[in-house]
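Below: one structure, written as structure tokens.
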DNA sequence: GCAGATCATTCGACATCATCGAAGATTGTT
DNA sequence: AACAATCTTCGATGATGTCGAATGATCTGC
């Protein structure tokens, strides 16, 4: 691992939180201000960071947006999901989301890569790009059940977030048994959902899920069937050999 | 400028094009494969790059999407535009876009940060995150007219793209005189548009524009008025002192 | 089924290059 | 007007990234 590159990524990570002064970044990263300055200067040259002209503070730059957009455009999982999501949304009346795992050193999260709005014509915020702790949402639990073991802390998002490792393990066992993960107001108040894993040729590729307001919860069995059918269809298109995918339970 | 961080950014830039093998990246960057390996390994650890399990090739990773999303969420220009875009789209019947400049060493481009679909109910691809050469689109010309002088080459996108620096300079003079930039099939076949600069407290902040199929071109004078009014309103909300913004014609 | 090629990865020595602390410049504040 | 808090620059030090060659794995073609 190259030290300066690692530090540059840490700089971007802290800037994910909020705009910051150079000194604050240096303190947070426990580095000399001049060291951080050299790094951010390089990032500024590439558009990854911008410096506000008035305050001198730094924030993320437009080049990050371009990178994220390229990632989305080249993601086969997203393209395959896009072909099936409208019908799934129509059949279930729910919004449809797809996500891929974002496994970092100490954090297990999911990032939403596709979003089909609820088919009721209301105006909904596109949620592509948002990141959710894996243990707190159906998409994440579908990934954890068939992916690596949960590790790290389980931060609480709402009153119903599962924060006990044993309770989470029990929940994941249910997911493995049925192929379907559920979540009720564990990440966002008023939001519930189901999710199923997606397989590709190499194993676990992501997850697809339904999201509904708590008023529509629990979802009818027909929605579960539609979700499972769609997950199986998308997985086949992705080259997945089996569904649910084989459990790759290794660190 | 820190060498290894600069190289890491170049790696990401190369991966913007397409997935690649390690050797191909090394050749393109004129570096030793082992050097690139150390860099990409570090980027992989942070989720900025992923390695395809089967082929060993590298592609951009999900962390790029998160960064881009955070950038969007914290962009005040986007939030202000979002407040005015629906009405502008309704009044003009056009799709509305907003963009910010992406000024790198040798490339002058714009990146779209907001997109309000054409209000005809058709299904349209959200174009947030796409990057367009500044000289080839109305948004870019609105930025170039009130920003730094054009530099670098003028790549051709369509048969009507302005590739002659003198012709571009003449066009930009017209933009400065009227505050409105126009473009007809210069970036994408069948797409035309208008754009106006957006000012904030520090000067030029971005641009807002209308996009219409060529069948709706030219747009009526009422659309020009609506666009100018909106640009002025957004600029005032952003703290802009004057509209159009003062011309900061310095490299 | 074997040989060759191609690729990612590891390793170690060298010298470059990033790091750090202090000083300078600029701005906003009391 | 003096102070405080910024960002920024600079130069010496040695830690660290770079490179080339060797290794191992994978795939291709015969």
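Quick note: the coordinates plus some simple rules give every number you see, no bench work behind them. In this text the structure is predicted, and so the values were computed from the model without any measurement. Don't worry about glycine lacking a Cβ; one is built from the backbone with ideal geometry, like all the others, and counts go over all protein chains shown.
Things to note:
- Pseudo-label separations to other copies for residue B:86 - Cα-to-Cβ vector, 7 Å, nm: 2.3
- The convex hull around the C-alpha trace of the range A:75-237, projected and averaged over every direction, spans 8.8 square nanometres.
- Taking A:161, A:64, A:230 as the candidate residues, the one with maximal mean-square fluctuation in a Gaussian network model of chain A, Cα springs under 10 Å, is A:64.
- Across B:129, B:179, B:68, mean-square fluctuation computed from a Gaussian network of chain B (C-alpha pairs under 10 Å connected) peaks at B:68.
- FRET efficiency, 1/(1 + (r/R0)^6) with R0 25 Å, evaluated for residue A:24 and residue A:45 via beta carbons: 0.70
- Minimum Cβ-to-axis distance in chain B for the rotation onto chain A, with residue, whole Å: B:68, 1
- For the range A:3-65, the relative contact order works out to 33 percent when only alpha carbon pairs closer than 8 Å and six or more residues apart are counted.
- Residue B:184-residue A:1 pseudo-label distance in nm [points 7 Å out on the Cα-to-Cβ vector]: 5.7
- Ellipsoid semi-axes in whole angstrom, largest first, where each is sqrt(5λ) of the Cα gyration tensor of the protein assembly as shown: 39, 28, 21
- Label point of residue B:123 (7 Å along Cα→beta-carbon): distances to the other copies' equivalent points are 2.2 nm, sorted ascending.
- Between the range A:1-45 and the range A:159-223, the Cα center-to-center distance that results, in Å: 36
- Degrees between helix B:165-178 axis and first principal axis of chain B (Cα, 0 to 90, nearest 10): 50
- Calculated P(r) tail over 20 Å for the range A:1-105, as whole % of Cα pairs: 53
- Considering helices alone, the calculated mean residue ellipticity of the protein assembly as shown at 222 nm is -13500 deg cm²/dmol, with DSSP H runs of length four and up weighted by -39500 (n - 2.57) and normalised per residue.
- Relative to the other identical copies, residue B:167 shows label-point distances of 6.7 nm, where the label point lies 7 Å from Cα along the Cβ direction and values run shortest first.
- Highest-MSF residue in chain B out of B:39, B:130, B:208 [GNM, Cα springs under 10 Å]: B:39
- Likely footprinting exposure, B:210, A:43, fewest C-beta neighbours within 10 Å first: A:43, B:210
- Each Cα pair under 8 Å and six or more residues apart adds its separation to the average, and for chain B the resulting relative contact order is 15 percent.
- Helix B:33-45 axis versus longest C-alpha principal axis of chain B: approximately 60°, rounded to the nearest ten.
- Between the range A:75-142 and the range B:58-75, the Cα center-to-center distance that results, in Å: 15
- Principal axes of the range B:3-61: Cα extent on each, largest first, Å: 29, 22, 20
- Where only alpha carbons of the range B:169-251 are counted, the Rg and the Dmax (Å): 13.2, 38
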